[in-house]
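Here's the structure, in structure tokens; my notes come after.
The values are calculated or read from the model by the stated rules, or taken from the named source; none is laboratory data. Worth saying up front: this structure is predicted, and the values here are computed from it rather than measured. Neighbour counts run over all protein chains shown; Cβ positions are idealised from the backbone, glycine included. Surface areas here come from the heavy atoms of the whole protein model, side chains and all, with no ligands, DNA or RNA. Shrake-Rupley method; radii C 1.70, N 1.55, O 1.52, S 1.80 Å.
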Amino acid sequence: MSGVVAETPVVAPVLSHRPWWRGKPVQVALVVAGMWLAYRAFRLEYPWPAGLAWNNLQFELDEFQVWLIEQRSAEDKSFVFAIFDGFRVFADNLVAWLEDALFWLTWIGTTAVGTLLVWRFGGTKAAGITFAAFATYALTGLWEESMQTLALMLAAVALSLLVGIPLGVAVGRSHRVARIVTPFLDAAQIVPAFAYLMPVVILFSVGPAAAVVATMIYAIPPAVRITALGIRGVPLNTVEAAVSMGSTARQTLTKVQLPLARRMLLLGVNQTILFALSMVVIAGLIGGGGLGAVINSGLSSTPALALLAGLVVVVMAISLDRATEAIADRTDPARRHLDDAGLRRSRLVTVGVVALMGAIVVAAKLIGVSGVYPDTAGVQERAVTAQEWLLARIQSVLDYVQDPTSWVFGITEPIGIFILQELLLPLQQFLVEGPWFMTLGGLTLIALIVSGPRPAITTFLMLGAIGVTGVWALAMDTLSQVLVATLIAVVIGIGLGVAASESKAVSKALRPVNDVLQTLPQLVYIIPFIYLMPVSIVPGIIAGVLYAFPVVVRLVERGINDVAPQSVEAAGAFGATRRQVLTKVKIPLAGDAIMLGVNQGIIMVLAVVVIGGLVGSGGLGYEVAQGLVRGYFGQGVIASFAILALGITLDRVTQGTRRARKEGST
């Protein structure tokens, strides 16, 4: 009986007795209604005043670009630019060395080494997936490009982890370091990769080094965040016990915190790999080569080839994901309790695997196997790939989906028109054409209601900075697209996340879908929607939805599954049905995870806002894309800053909601 009573305070905070008309949703709705009435009352456009805008900013940034180019190309470089040049040479050589090593092993040797390594440390299933991935590289006729991409990713991931793990340890052990580093991590994840391509190219020139740096900027934040989370997740009493027994700070870290955070560290490696692979296309724009270059060239000439290369990227991502996950499980010391004899057998197996790999490589070299596939071997190349057949099948699908008489087009066109006319255009007119002071004040007030004074101040400052840079109307246009895409992604993500948490079959079915959508380059899966939804602004929104909702699904599923079993059992003991347990216990107690899903969904939508600009969505994404393509440095930087400001605003509001929930539950 006492156990039941003890659970009551846990559930009670969820069942708030505050009148519905005093809740935050009603207050936010009243603010929005007031903004709408003001918009209808004024009936006149009040754009951001020219007197409050920094009109010469773009010109001054262009001058700064000229100065950077002059400094980089000077014979007598300064110390800072000498460091940049030294890193460029190092990164170029590292990628070249890895690429040469993969080709030197021959295509048979590379396949054998990769498969056997995964088999030794990850098991048979993961090794089978790895072998299937290498077979895919060969049969699609993209072996050489796949190895170039793999070499680039290995270099970028290694350097990202070299920076990210130590920095994550520092963030996890020090709140002061966390406060300093977090804004930079937010900026690296929110600013679209297109935005920092131009500065990266200016500092490192076009080539593998620039591609590595651009990938590192995007891949380091997950390594830092997950490592820090793992360090903070070590029980405090365990750390205190180690300190009380005389352990130094270094011993506590290396003997206690890092071993206990091992699974989170390996998860960080896994996510760093996936984030790096999502940059393949963008890296191809600045000299990364490989599959990214195939995708970029195919978009304008052979869309079927671009889609095929994109699918190969997905296969590479899934194989690396499954391999690292399997290796993490099988090498976990908590699951392996080997005696001395077991350790000797394990070492002998390792030696045997290494010997077998060496023998296969030597045999392949002796019989003259080439480093690429198909193997020309001095004779006429034989048709040993399925590329032509695959391209024909993909092209037939593209021809079908763009046929206005097809039943698919009959479904997607009305959906695109509905999104445009019923959701996007009304919100766009409301934000863009409404008086600027009404929008600024209303959004600040909403932030105050939802998250408190500090996020409200951040919202006011960020929106004010957008106005000062002179892109207020473009930013409101982009904000409307982000809000519509986030709304759709959250609705889909929460629904599927709840279903996955309640059904293992649904969860298992959704996992490969989520993997594909998170790793398939956005420029690739937007191609069919350009055909299916001819309204130019809608494909960009769909791209944002497809990229964002898998994250929401995973976080919602994890949050509901992590609800304390005692709370669920207590509700069942009182006669609650399965539906009541879900709606009254699990979902409310998983509120933090759901809000984190909303937060990450917003960041993911912002990450692809530039992609929308490439297909006619306009707004800040178009400005960034044009700045990169035409070399308008100032224009691209200003638009990128505005996207960052929008991201920080929305991020802080949703983070504030989670803090408020935590404070209310304590």
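Just a few scattered comments:
- Residue match in segment 148-155 (condition: touching a residue at least 60 places away in the same chain (Cβ under 8 Å), farther than 19 Å from R225 by Cβ, open to solvent by 20 Å² or more (accessible area, probe 1.4 Å) and of a type outside the set (V, I, T)): yes
- Residue in segment 123-140 that is part of a helix (DSSP H, G or I), more than 21 Å from A328 (Cα to Cα), among the small types (G, A, S) and at pLDDT 90 or above present: yes
- Restricting segment 579-608 to residues that are of a type in the set (K, R) and in contact (Cβ under 8 Å) with a residue 40 or more places away in the chain leaves a set whose member that is surrounded by the most Cβ atoms within 10 Å (Cβ to Cβ) is K586.
- When segment 637-666 is filtered for residues that are modelled with pLDDT of 80 or more and open to solvent by 50 Å² or more (accessible area, probe 1.4 Å), only F641 remains.
- Qualifying residues in segment 65-80 (those that are without any contact (Cβ under 8 Å) to a residue 60 or more places away in the chain and part of a helix (DSSP H, G or I)) - the one surrounded by the fewest Cβ atoms within 10 Å (Cβ to Cβ): F79
- Matching entry among W119, W97, W54, W48 (being of a type outside the set (K, R), part of a loop (DSSP other than H, G, I, E, B), open to solvent by 50 Å² or more (accessible area, probe 1.4 Å) and at pLDDT 85 or above): W54
- Residues that are at pLDDT 80 or above and farther than 16 Å from K504 by Cα within segment 552-564 comprise just one, V552.
- Checked against the criterion of being of a type in the set (F, W, Y), open to solvent by less than 20 Å² (accessible area, probe 1.4 Å) and more than 20 Å from M595 (Cβ to Cβ), the candidates W436, W472 yield just one match: W472.
- Every residue from segment 505-524 that is part of a helix (DSSP H, G or I), more than 16 Å from A489 (Cα to Cα) and modelled with pLDDT under 70: T519, L523, V524
- Residue count for segment 401-431 satisfying the condition of being open to solvent by less than 50 Å² (accessible area, probe 1.4 Å) and either among the β-branched types (V, I, T) or in contact with a Ser or Thr (Cβ under 7 Å, 6 or more places away or on another chain) (or both): 8.
- Of the helices (runs of 4 or more DSSP H) lying entirely inside segment 370-473, those containing at least 3 residues that are within 27 Å of L644 (Cβ to Cβ) are 425-433, 436-451, 453-468.
- Pairs where the first residue, in segment 547-559, is of a type in the set (D, E) and the second is surrounded by fewer than 24 Cβ atoms within 10 Å (Cβ to Cβ), C-beta under 7 Å, 6+ apart: E557/S501; E557/S507
- Within segment 550-567, being open to solvent by 40 Å² or more (accessible area, probe 1.4 Å) and in a helix (DSSP H, G or I) holds for R554, L555, R558, N561, P565, Q566.
- Cross-chain or 6+ apart pairs with Cβ under 7 Å, segment 27-38 first and under 11 Å from I446 (Cα atoms) and part of a helix (DSSP H, G or I), then open to solvent by 60 Å² or more (accessible area, probe 1.4 Å) and modelled with pLDDT of 85 or more: V31/L445
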